Each structure stands twice: as C-alpha cells, then as structure tokens.
Amino acid sequence: MFRPVACGLIPLLHRAFARAPRSPRSSGVERVLGKDEVSGSIPLVGSIPTSWRTGIMPILEESSRDTPLYRMRHSLSHVMAQAVQKLYPGTLLGFGPPIDDGFYYDFIFPGEVTPGEKTLSEIEETMREIIRERQGFEREDLAAGDALERIRGMKEPHKLEYAQELIEKRGMDSLSFYTNGPFVDMCEGPHVDNTSKLPLDGFTLRSVAGAYWRGDERNVMMTRIYAYAYPNRKQLRLRKQAVQKAQEREHRKLGQELSLFAIRDEVGRGLPLWLPNGTAIRQELEKLADEMEFKAGYKRVATPHITKAQLYRTSGHLPLYEDGMYPPMLMHEEAESGGDGGGEPERYYLKPMNCPHHHMVFASEMRSYRDLPLRLAEYGSVYRFEKLGALQGLARVRGMTMNDAHIYTTPEQLKDEFKAVMEMHKKYYELFEFEDYFLRLSLWDPEDPKRRNKYFDDPEAWAATEKIAQEALEELGLYYKVSKGEAAFYGPKVDFQFRSVIEKEYTVSTNQIDFAVPPRFGLKYVDRDGTEKTPYCIHRAPLGTHERFIAFLVEHYGGAFPTWLAPVQVLVLPISERHLGYARKIEGLLRQDMVRAEVDESDATTGKKIRSGATRKIPMILIVGDKEEEAGTVTVRRYGIKQQENKTIEAYLDDLRDEIKERRHVKAD
RNA sequence: GCCGACGUAGCUCAGCGGUAGAGCAGCUGAUUCGUAAUCAGCAGGUCGGCGGUUCAAGUCCGCCCGUCGGCUCCA
C-alpha cells in the first residue's frame with residue numbers, strides 16, 4: 001500500500017514454511033532483485049492480487065502493470081497533477097505512481113503555497129472537471145536527445161534529472177511521454193485511452209504528506225498527495241471500511257483499552273511503561289523462550305545496561321551507529337580506558353545491542369572446540385535513539401527488551417546451527433499461528449554508494465557466509481525474497497517481515513550470520529589440532545523484542561489472547577452477593593495453580609458483569625450461582641463462544657491446566 | 001529531523017467570540033439480580049503550554065510541546 005509499483009521489477013513474496021513444493025534450485029541469488037522491489041500488501045480489498053495469504057508463490061510479472069486497475073490509477077495521478085498545476089500554476093512535478101490502494105503524486109508548490117488537507121476537496125473537484133472533459137491520452141516516443149530537449153522545455157527539473165539518469169546510467173535510447181489535454185508528463189505508461197474511462201466517484205484524495213525527492217533526506221522535501229482509487233464508489237467504500245476496521249485492532253488502541261502499556265511524555269517518548277496486564281504477557285513470552293532455549297541447549301546470561309565506549313569501538317558499532325545511540329554519560333572521575341592518557345573523561349553508553357557483552361562473556365574463559373556451539377541467551381534491554389517521527393506505539397520505541405542470543409560456532413557447525421535457528425522460528429510461529437509474513441534474505445551490496453562504508457570489506461567472507469545462509473534456506477525448502485544491500489554490517493541475515501494491521505512492514509524476528517565482529521574482539525577457541533581459531537557468531541531473535549512482538553500479538557489476536565497469554569485468564573462471576581464466598585474460593589484455587597484470576601465483586605447485574613468481562617476480552621468467565629455452589633461446579637463461558645459448559649471444579653482445573661500448559665488456541669465461533 | 005493534520009473530563013466526542021457540555025468509566029445510595037449496559041445522585045476540566053488581538057478567547061493570530069498520517073531508519 002505504501003510503495004510504488006516500481007518499473008520492470010518482479011516482486012516475489014514467499015510465504016515461508018508453507019507446505020508448498022520445495023523451492024527450486026533456481027530460486028535465490030539468480031533471482032536477485034533490486035533492493036526496493038514491490039512487496040505487495042495484504043489485499044484488504046481490490047488491491048493488486050498477491051498470494052500473501054494463500055501460500056502460493058506469487059510472481060507479479062511486469063505485465064501486471066498493465067491491468068485496468070493500474071491504468072486507471074496511473075491515469076488518475078496524471079489528472080491530479082493537471083488539476084494541481086491548474087490551481088497552482090508553477091507547481092513542479094516529482095513521481096506519481098499507482099500504489100496498492102490508489103496513487104500519489106509528489107509536488108513542489110510555488111512560493112508560499114503549501115496546500116493542506118483543506119484544499120484536497122478543491123483539487124478533487126478540479127479533477128472531476130478534467131475527467132468530464134473526456135481528454136484522450138496520447139503516447140509519444142522520443143529518441144534520447146529529443147526527449148531531453150522536450151523536458152528542458154517543460155521546465156521540470158526533477159523529471160529532467162530522472163530522464164538523464166535513465167539515459168546516461170541505464171542506457172535507455174528513447175523515452176515516452178503521455179499527453180492528455182494540456183498536460184504532458186514523461187511517463188512509461190500505460191494509461192487509459194480517455195479520461196472518460198476514469199471513475200468520477202471511485203477515488204478520493206486522502207492525505208498530504210512530506211516526502212523527500214527519491215526518498216533521500218538530503219534531497220528537497222516535496223509535498224505528496226495520496227489518494228484511494230477504485231473502479232467504483234462501492235469498492236472505494238469497502239476499502240475505507242476495511243481501513244477503519246483495521247484501526248480497531250491497532251495495538252495502540254487495544255493497548256490502551258486493555259491497559260497493556262502506557263507511553264507518557266513525563267517518562268520519555270518511545271519509552272513505554274508496561275502496566276500489569278502487558279507485563280503478564282511479557283512474562284509468558286519469557287517463560288516460553290526459557291523453555292524453548294533450555295531444551296535447545298542455550299545458556300542464560302545477564303549483562304549490564306551501560307558500558308564503556310571502548311567496547312563499541314572494538315565492535316565497530318560506534319562509528320556506524322553513534323547517531324542511533326543515546327549520547328554518552330561523561331564520567332569526569334574516571335580517565336578514559338583505551339585513551340591516550342590525555343585525561344579524557346570515561347564515556348559510558350546505554351547499550352544499543354547485547355552482542356558485545358555476549359562476546360565478553362565468550363572471552364571470559366578459554367574456549368575449546370568442545371565448548372562449541374556455545375549458545376548464550378538473554379532477554380536483554382537495549383536503548384536506541386530512534387528519530388522522533390519514527391516512533392510508533394510499541395512497534396518502534398527507544399527502549400526495548402530483546403529475545404537475544406548469540407551462538408558461537410566452528411565453520412563446520414555454522415550452517416546446521418543457522419538451520420536450527422530457522423526451525424526454532426518455525427516452532428514459535430506455529431505456536432502463535434502466524435501466517436502472514438515473509439522471509440527476506442539480506443545480502444551485501446558492494447556497489448551501494450550510500451552504504452559503501454557500512455560493510456566490512458571482505459568479499460570472500462561475504463560470499464562464503466551468503467552461500468551458507470542461502471543453502472540453509474534452500475535445504476529447508478523455505479520461500480524467501482532477496483534484498484541486496486540490506487545485510488547487517490557484519491554479515492548476511494534472514495529477516496522475518498510482518499505487516500501491522502495498518503499495513504506497515506516491520507522486521508519482527510531475525511537470524512544473522514556474523515563473520516566480522518568476533519575477530520575484532522579477538523575471540524578464539526582451541527581447535528582439535530591445538531591451534532587457535534576464530535568462531536563464527538549467529539545473532540538471532542525469534543521473538544524479536546517484547547515491544548514489537550507484543551504489538552504484533554495484540555493485532556494478530558485482535559486483543560483476544562489465547563488463555564496462556566491472556567493478562568487476566570479467568571474472571572469468576574458471582575450471580576449475587578451471597579455467592580461471593582464461593583467465587584473467592586475458586587479464585588484462590590486458581591491462584592494456587594498460578595492462574596491469573598479475578599472475581600467481579602461489583603454489585604452490577606449479571607448481564608453487566610458479563611459484558612464488562614467480554615469487553616476486556618477475558619478468555620473465560622466462570623459463572624457461579626446457587627446451582628453451581630450446591631453442586632460444586634462452575635459454568636464456563638468462553639470468549640466468543642456461545643456454547644457454555646458446566647464442570648466440577650476439579651475437572652475444570654484439570655482442563656485449564658492442560659490448555660495453558662499446551663498453550664492451546666480455542667477457536668471462537 | 002522534515003512536510004501536513006489534530007490537541008476540550010480517565011476514555012469517546014459536542015461546543016468554534018459572550019457564564020465549559022454529553023455518554024461511558026469512577027465514587028455514593030437504592031437494587032441482590034442467571035448470560036453483552038438496573039435506577040438515582042455526586043464528583044471530575046487554568047479547554048496541551050506561553051504570548052498576542054479584543055470590552056470579552058476552547059473559539060481568532062504567533063511560538064512552543066504533544067499526538068496522528070507520511071518521508072527516512074530499523075528489531
């Protein structure tokens with residue numbers, strides 16, 4: 001929804017872990033794509049079809065740009081540009097592509113004019129006038145030189161810049177132009193043949209946003225106008241309704257309604273307070289990770305929140321990520337270690353990642369090949385100074401606690417360990433019943449000028465580790481998308497990409513190979529032959545961070561958690577005051593079983609108490625009145641399920657224990 | 001950080017130059033109730049903050065802070 005359909009690129013979406021045919025050998029680097037190719041979207045309604053949900057490997061060929069929907073949206077974007085230039089003469093153009101639910105166009109408005117959302121309806125009206133004029137779209141292909149001449153005449157500097165790039169860097173020998181009415185745009189097309197084909201009531205201008213030219217903050221800030229566009233009013237309305245419905249599941253909204261977390265400016269932006277309900281979920285996740293990691297041979301460690309600068313110089317993080325770190329605390333009482341004796345104060349940083357500390361744990365004693373693989377795990381809290389405008393509820397924060405671990409391996413063990421981590425992800429994802437996500441294999445891009453200094457320049461090591469990561473995916477039969485230039489600075493990685501209900505894409509989990517940092521720390525193990533060797537390191541976080549992971553869980557379950565995860569698992573509901581004693585007795589039994597239970601002690605009516613429990617999405621309400629008290633039973637009313645059950649207390653407790661222990665999902669009606 | 005929109009009670013919102021309102025939540029009382037809202041009362045707001053215009057400012061203007069939507073970055 002947010003990304004333009006880029007030109008000439010074949011988007012691939014792979015539903016990982018799908019029970020689909022093994023990915024053919026030809027998948028992978030042969031299919032390396034540009035780093036920003038389309039990723040489609042959850043098709044709320046009428047978007048470009050993808051198989052995000054169906055598990056079939058979708059390949060949107062270039063021809064998919066030539067759908068009626070695409071043409072319609074693209075042509076509407078030209079109509080919008082024409083309308084804007086009519087209303088605000090002198091407005092310059094950027095890009096104006098169709099997107100998954102409509103289109104946008106980037107503009108630079110002249111002088112003091114900065115249209116806000118109030119002017120959108122005016123632009124919309126002008127667009128409708130243009131559509132009614134029944135303008136024809138005419139295509140014209142010009143040879144490179146003539147094309148440049150034409151664009152110079154159009155006085156569109158950004159179009160010119162792009163045209164020059166197409167000709168000089170990409171070697172195109174001609175460019176195409178589309179004319180409709182008085183409006184001419186350099187554009188690849190295709191378009192509808194006449195504006196009369198455009199739906200007068202199928203589009204609406206949605207928002208005004210700033211956008212840097214070509215997405216680079218060093219460039220000029222343009223004004224982007226977004227629009228929804230569908231073939232007719234009904235589909236447009238469906239889209240708007242779907243967006244509204246999605247917002248009801250948004251973790252920020254549910255987080256407040258369910259009292260999971262709070263972000264207070266008094267504490268700091270991006271620094272969430274975990275309320276008791278949210279903390280219960282964190283504890284359950286930590287229990288789960290403890291169990292999973294213990295069984296897989298991981299060892300728990302615990303490391304401090306602040307550390308001397310030298311550690312991050314050694315790791316290589318400081319020069320690369322200092323902007324992303326909280327500024328240092330200067331300790332004037334201590335001379336800087338690793339300094340030149342010039343009396344500089346010691347600098348301590350809040351840790352932005354756990355790996356350097358884990359490397360120090362590795363280095364704390366002599367290691368033998370017999371110690372490997374050594375798997376060090378920690379739910380570690382880290383702090384990153386994310387940009388103000390980037391913060392987003394729990395999904396992007398400045399303080400977070402990560403399901404982190406570092407696995408030190410010999411070269412021979414690397415692939416198997418990497419695969420074992422993938423398998424662990426699979427177990428987790430099956431447990432949560434996640435389905436809508438895809439894997440992204442992120443590789444080195446030595447050509448990327450913006451990041452040339454980011455990477456360790458060791459082509460051989462990159463090639464070797466990228467091969468291992470790719471083979472691991474292939475051998476597991478996983479689908480994935482390749483993204484050049486998205487690797488970590490220390491090695492290739494596989495990211496697990498999810499979309500939030502408001503269709504933002506996030507990395508939730510990650511599995512990374514690191515060949516670069518262990519040598520910088522001088523990490524060694526003594527091999528079988530008595531020589532010292534440097535281990536590889538795997539960084540992995542299947543449960544990501546509590547913050548982002550829980551944000552996704554909230555949206556995934558719409559706030560209605562399975563019993564094992566629910567902040568309040570059982571609400572005991574006495575019919576009247578005389579049943580309070582019995583209700584409290586049951587609550588006590590549940591508490592002794594470590595079940596998060598409450599009694600509704602209000603004097604509201606039964607209907608009101610049920611409503612209030614249901615509003616809190618508590619998985620089970622136990623109704624206890626005369627019948628139950630006499631028979632020693634409870635009446636179980638599950639969230640979202642009409643059919644009630646009456647059970648003895650003992651039977652209920654047994655069933656509940658099993659359900660929680662097995663972390664079962666119980667489907668609503 | 002940048003561009004735009006928006007900030008009224010714990011929550012959802014009305015009021016848009018002339019004495020701050022509603023519903024829900026909260027508290028008190030009555031009610032003791034069998035499956036998604038019992039009734040009544042009370043309390044709750046320097047209308048985000050600071051300046052300005054005006055006889056008079058939630059209401060108009062400016063700056064700041066915050067929230068949301070984008071751009072960028074990332075777990």
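Things worth noting here:
- In the range A:101-130, the residues that are on the phi > 0 side of the Ramachandran plot form Cβ pairs under 8 Å with partners that are modelled with pLDDT under 90, at six or more places apart or across chains, as follows: A:G102/A:R206; A:G111/A:G90.
- A:L431 falls short on exactly one of the conditions (1) surrounded by fewer than 19 Cβ atoms within 10 Å (Cβ to Cβ); (2) under 18 Å from the mean Cα position of the chain (by Cα); (3) within 24 Å of A:E286 (Cα to Cα), and that condition is (2).
- Of residues in the range A:635-651 being touching a Ser or Thr at 6+ places or on another chain (Cβ under 8 Å) and more than 9 Å from RNA strand B (Cβ to nearest atom), the one least open to solvent (accessible area, probe 1.4 Å): A:I649
- Condition met for A:G389 (open to solvent by 10 Å² or more (accessible area, probe 1.4 Å) and not in a loop (DSSP other than H, G, I, E, B)): yes
Residue-wise test of (1) free of Cβ contacts under 8 Å to residues at least 12 places away in the same chain; (2) in contact with a Cys (Cβ under 7 Å, 6 or more places away or on another chain); (3) closer than 21 Å to A:K245 by Cα; (4) not assigned by TED's automatic domain parsing to the domain that holds A:Q310.
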| position | (1), (2), (3), (4) |
| --- | --- |
| A:S500 | no, no, yes, no |
| A:F521 | no, no, no, no |
| A:D527 | no, no, no, no |
| A:E532 | yes, no, no, no |
| A:P535 | no, no, no, no |
| A:G558 | no, no, yes, yes |
| A:T563 | no, no, no, yes |
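- Residue count for the range A:594-634, restricted to those that are open to solvent by 10 Å² or more (accessible area, probe 1.4 Å), in a strand (DSSP E or B), under 17 Å from A:L565 (Cα atoms) and near RNA strand B (Cβ under 9 Å from one of its atoms): 0
- Here A:E417, A:E412, A:E378 are screened, and the one residue that is more than 23 Å from A:K504 (Cα to Cα), out of contact with any helix residue (DSSP H, G or I) (no Cβ under 6 Å at 6 or more places or on another chain) and without any contact (Cβ under 8 Å) to a residue 40 or more places away in the chain is A:E412.
- Residue within the range A:284-302 that is farther than 30 Å from A:F552 by Cα and open to solvent by less than 70 Å² (accessible area, probe 1.4 Å) present: no
- Search result, residues across the range A:205-241 that are touching a residue at least 40 places away in the same chain (Cβ under 8 Å) and open to solvent by less than 20 Å² (accessible area, probe 1.4 Å): A:L205, A:A211, A:W213, A:M222, A:I225, A:A227, A:A229, A:Y230, A:R239
- Candidates A:T563, A:T507 - the one that is more than 23 Å from A:E412 (Cα to Cα), within 15 Å of RNA strand B (Cβ to nearest atom) and among the polar types (S, T, N, Q): A:T507
- Qualifying residue in the range A:45-57 (condition: in contact with a Ser or Thr (Cβ under 7 Å, 6 or more places away or on another chain), within 16 Å of RNA strand B (Cβ to nearest atom) and modelled with pLDDT under 85): yes
- Look at (1) in contact with a Ser or Thr (Cβ under 8 Å, 6 or more places away or on another chain); (2) open to solvent by less than 40 Å² (accessible area, probe 1.4 Å); (3) at pLDDT 95 or above and you find that A:I575 fails only one, number (2).
- Test: residue in the range A:254-266 that is on the phi > 0 side of the Ramachandran plot and at pLDDT 90 or above: yes
The values are calculated or read from the model by the stated rules, or taken from the named source; none is laboratory data. Note that the coordinates shown come from a computational prediction; the quantities given were computed from them, not determined experimentally. Virtual Cβ from ideal backbone geometry, glycine too; neighbours counted across all protein chains shown. Note: accessible area is taken over every heavy atom of the protein model, side chains too, but ligands, DNA and RNA are not part of it. Shrake-Rupley method; radii C 1.70, N 1.55, O 1.52, S 1.80 Å.
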